[in-house]
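Enquirer: Okay, handing you the structure first.
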Amino acid sequence: MMLPDTTGRVRGNATAPLVLTVILAALLAGCAARQPQAGGEGHKPVQWTMTEDGASIYYYMLYLDERGQGHFANAQAALDKAIELDPSSRLYEEAAEFQWRLGHPAEAREYIKKALAKNPDDRLMVMRLADSYAAERRFDDAMGTLQDWLRTHPGDATALLRMADIQVEARRYPEALQTLASIQAKDKGPETSYLEAKAYAGLGKRRKAIDILKKLSDKYQDNVLYTAELAYQYELAKDYVAAEETYSRILEMGEAGEEVWLRLISLNLKLNNPERAMTLVQEGPQTPDFVMEAARTFLSEGFPEEAAQLLEPLTHEKDVDPKLYFYLALLSYENGKNPQKALDYLDKIPADNELAGQAMGFKARMLVLLGKSDEAMRLVRQGKRDYPEIKDFWDIQAMILEDRGQLDEAKAVIDQALSQWPGDAGLLYHLGLLQQRMGKPDAAIATMERIIADDPTNADALNFVGYLLADQDRDLERALVLVKEALDQKPGSGYIVDSLAWVYFHMGKLPEAFDSIKQAVELTPGDPTIWEHYGDIAAAMGKRAEARKAYRKSLDLGHDKPETIRQKLDKLEKAPAPEKQ
């Protein structure tokens, strides 16, 4: 058994040392031996010898006292001393729990292993060992730990449920469903159904997931977790009305944090109801952090004026939160396209602020936009040194090298980053783009397929693969499926609609291609490649005037291969075919 958690009873106040002194005095009296006085001579100091058991208890009590006062390093040192004197499983378990609460899974794992060496049948410690691996995304090790336990404890429902939970987290959804199915009916509860819903959602069977979650939410009406997951699945299914209603139910429960308010704000903006979203901001928690996050939500959903309206009053506060400058910089760039103004705001964020690393990365991006790539590169190198946990610096460095035409060097930087953040979707996407630019389309597709395998809803990767397959006249039916799925994830994206037009064009479905490309240039009128595609499709349909107009528009917008566009214009002028209306 573990020693009881006394965190709530030992407090860092003035009486704690006194209490400890009294306890230790009693402890010494009870477990120490008095040394006899020699020859009956006068009064000499009494010497006490503490037994190992007594010393272990002393250090354990010292650990509790230091922990209660927030002196965690001293607490661990005292507990280690207690373990040295009494290497029992209960003390190893206590040390493991302590490190776990501090957010140190690797350190906790070492104590867990020692506890299990003493007591290999301790199920709680086995679960903790699996959790310590999962916390570091070492899913194979986590599942291997549970499989070892299940070999000697077959049918253990707790272990099977934890296995399924980790499999869902690792996105191994079929395996999770198989594990959940192996749990005996008498041991199945709401948690089993909840994980089934998450697994089905991961497999794209969102309606089945919603049906399960709706039953859970109706049966356990006080359970915020089930209702929140239901709302989230409605949101992913683009059923924004149902999602809004479900999130509102959470507010009525009285247990909603800022995240629920922000989700409701986002949903109302998706429903093009900014007035309701502004009302929710006024009704929500009136903290600067909440207002700033709400402003960021307005900005990301395409309502910059409302975002500015929310942020402006905060600039008049006596003590301005440096986070405000970050959001104002974001607003300056996203809304005003003013990188210099963004830099001015970012310069106001102190170097010791928690946002300093992100601000440095943001600065580097703005410097690139201002044509100051050398200055940006210096900042990136400093960022990699000072903030090695922020992968954005590797991404920006690769971008700068790519702009300079140093594609091999850029790829080396991305490869280095992927060795630190394996499987990161953003880095993999950048790698795929680089591979395409390097003339390696097959490698680019393979890289993007890795993203899709991990996240079948990644719109950018879906669109990339679909477009590239069409561009190579390969597997056009699958290309169409991929691009349509991307459009489902990002409706209204001009780039994805352009890909759809391009797939139809290569399939020979010219009317569908022309309808799509017209929509694409309306959605994204400033992209020269989309106008080139417009010209290609119009020319194929015999619409020479429209093709000519589109090619010239592409040139006006600065197409990166102007000679290619001019050749298409020349070919169009020399073509004898009459224009079809």
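The values are calculated or read from the model by the stated rules, or taken from the named source; none is laboratory data. These figures come from a predicted structure and were not determined experimentally. All Cβ positions, glycine included, derive from the backbone under ideal geometry; neighbour counts span all protein chains shown.
Enquirer: Anything in the range 345-392 that is in contact (Cβ under 8 Å) with a residue 24 or more places away in the chain, under 21 Å from TYR327 (Cα atoms), in a helix (DSSP H, G or I) and not aliphatic (A, V, I, L, M)? List them, or say none.
Expert: GLY357, GLN358, GLY361, PHE362, ARG365, GLY383, ASP392
Enquirer: Of everything in the range 143-193, what is of a type in the set (S, T, N, Q) and either within 20 Å of LYS113 (Cβ to Cβ) or part of a helix (DSSP H, G or I) (or both)? Give them in sequence order. Don't jump to the end; show me each part of the working.
Expert: Step one: list which residues in the range 143-193 are of a type in the set (S, T, N, Q), which gives 145, 147, 152, 158, 167, 178-179, 182, 184, 192-193.
Scanning the range 143-193 gives THR145, GLN147, THR152, THR158, GLN167, GLN178, THR179, THR192, SER193.
Enquirer: While we're on this one: Any residue that is more than 33 Å from the chain's Cα centre (by Cα), closer than 24 Å to LEU468 by Cβ and either at pLDDT 95 or above or in a helix (DSSP H, G or I) (or both) - is there at least one of those in the range 489-498?
Expert: Let us first name the residues in the range 489-498 that are more than 33 Å from the chain's Cα centre (by Cα), namely none.
For the range 489-498, residues more than 33 Å from the chain's Cα centre (by Cα), closer than 24 Å to LEU468 by Cβ and either at pLDDT 95 or above or in a helix (DSSP H, G or I) (or both): absent.
Enquirer: Right, GLU110: closer than 30 Å to HIS153 by Cα and either of a type outside the set (Phe, Trp, Tyr) or in a helix (DSSP H, G or I) (or both) or not?
Expert: Numbers: closer than 30 Å to HIS153 by Cα: yes; either of a type outside the set (Phe, Trp, Tyr) or in a helix (DSSP H, G or I) (or both): yes.
Yes, satisfied.
Enquirer: Same structure again: Regarding LYS337, is this residue in a loop (DSSP other than H, G, I, E, B), over 26 Å from the mean Cα position of the chain (by Cα) and at positive phi?
Expert: For LYS337, the condition - in a loop (DSSP other than H, G, I, E, B), over 26 Å from the mean Cα position of the chain (by Cα) and at positive phi - is met.
Enquirer: I would also like to ask the following. Determine whether SER89 is free of Cβ contacts under 8 Å to residues at least 40 places away in the same chain, of a type outside the set (D, E, K, R) and crowded, with 22+ Cβ neighbours inside 10 Å. Give the steps one after another, and end with the answer.
Expert: On the way: free of Cβ contacts under 8 Å to residues at least 40 places away in the same chain: yes; of a type outside the set (D, E, K, R): yes; crowded, with 22+ Cβ neighbours inside 10 Å: no.
When the stated conditions are applied, SER89 does not pass them.
Enquirer: Right, another one. For ASP222, all conditions in the list (1) under 27 Å from GLU136 (Cα atoms); (2) without any contact (Cβ under 8 Å) to a residue 60 or more places away in the chain; (3) in a loop (DSSP other than H, G, I, E, B) hold save one; what is the number of the exception?
Expert: So ASP222 meets the others, but not (1).
Enquirer: Any idea which residue in the range 50-92 is farthest from LEU116 (Cα to Cα), counting only those that are assigned to a helix (DSSP H, G or I) and polar (S, T, N, Q)? Outline the logic, then answer.
Expert: Within the range 50-92, the first condition is being assigned to a helix (DSSP H, G or I), and the residues that meet it are 52-68, 72-85, 89-92.
Within this subset, residues satisfying the condition of being polar (S, T, N, Q) are 56, 74, 76, 89.
Working: SER56: 21, ASN74: 25, GLN76: 20, SER89: 7 Å.
Looking at residues that are assigned to a helix (DSSP H, G or I) and polar (S, T, N, Q), I get ASN74.
Enquirer: How many residues are charged (D, E, K, R) and closer than 13 Å to MET127 by Cα when one looks only at the range 87-115?
Expert: First, pick out the residues of the range 87-115 that are charged (D, E, K, R): 90, 93-94, 97, 101, 107, 109-110, 113-114.
Those left that are additionally closer than 13 Å to MET127 by Cα: 93, 97, 109, 113.
Qualifying residue count for the region: 4.
Enquirer: For the range 263-281, state whether one or more residues are under 21 Å from LYS198 (Cβ atoms), of a type outside the set (S, T, N, Q) and either assigned to a helix (DSSP H, G or I) or touching a Cys at 6+ places or on another chain (Cβ under 6 Å) (or both).
Expert: Yes: the range 263-281 contains one or more residues that are under 21 Å from LYS198 (Cβ atoms), of a type outside the set (S, T, N, Q) and either assigned to a helix (DSSP H, G or I) or touching a Cys at 6+ places or on another chain (Cβ under 6 Å) (or both).
Enquirer: How many of the residues in the range 419-458 are without any contact (Cβ under 8 Å) to a residue 24 or more places away in the chain and polar (S, T, N, Q)?
Expert: Summing the residues that are without any contact (Cβ under 8 Å) to a residue 24 or more places away in the chain and polar (S, T, N, Q) in the range 419-458 gives 2.
Enquirer: When ASP121 is evaluated against the numbered criteria (1) more than 30 Å from the chain's Cα centre (by Cα); (2) closer than 30 Å to ARG171 by Cα; (3) part of a helix (DSSP H, G or I), which criterion, by number, is the only one it fails?
Expert: Failed condition: (3).
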